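The values are calculated or read from the model by the stated rules, or taken from the named source; none is laboratory data. None of these values were measured; they are calculated from a predicted model. Neighbour counts run over all protein chains shown; Cβ positions are idealised from the backbone, glycine included. Heavy atoms of the whole protein, side chains included, go into the accessibility calculation; ligands, DNA and RNA do not. Shrake-Rupley method; radii C 1.70, N 1.55, O 1.52, S 1.80 Å.
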Amino acid sequence: MATRRIISTEKTILDKDDDDVSAGVAGQQQSSNTAPAVPMDVILKLLAFTFGMIVIPIGSYFLTVNTIFRGNSTYAGALAAIMANVVLVGYVVVAMNEDQSEQLEAKRKGGKKD
């Protein structure tokens, strides 16, 4: 038997899906959650650090290549790379602090329920 026969009383996958959708409580509509999966403050932080990752290294390069390093683009490029790493480390620190604050809030809520 290489193939499986479908018995007429057995539901196919498509029939099961239709039943799952219409299986809600009779007469009531199911509410859908339209909230974004990621909070808005997280998106704004990501956008801010993305903007910083673009502007700060390029800006530091062009501001220092002729003023501080007097035309030496190697040093100005090295400073731009360091500034990119500073922005990246800043993002990691902010993300870790945000994660810890969520854990602390969960502990506080759990402590109040006891």
Verdict on SER8 being at pLDDT below 90, farther than 23 Å from ALA95 by Cβ and among the hydroxyl-bearing types (Ser, Thr, Tyr)
yes
Residue under evaluation ILE13, criteria (1) open to solvent by less than 90 Å² (accessible area, probe 1.4 Å); (2) modelled with pLDDT under 95, criterion not met
(1)
In region 41-75, which residues are assigned to a loop (DSSP other than H, G, I, E, B) and open to solvent by 80 Å² or more (accessible area, probe 1.4 Å)?
ASN66, THR67, ILE68, ARG70
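With the structure loaded, tell me whether ALA78 is among the aliphatic types (A, V, I, L, M), surrounded by 12 or more Cβ atoms within 10 Å (Cβ to Cβ) and within 30 Å of ASP41 (Cα to Cα) or whether it fails that test.
Details: among the aliphatic types (A, V, I, L, M): yes; surrounded by 12 or more Cβ atoms within 10 Å (Cβ to Cβ): yes; within 30 Å of ASP41 (Cα to Cα): no.
It is false that ALA78 is among the aliphatic types (A, V, I, L, M), surrounded by 12 or more Cβ atoms within 10 Å (Cβ to Cβ) and within 30 Å of ASP41 (Cα to Cα).
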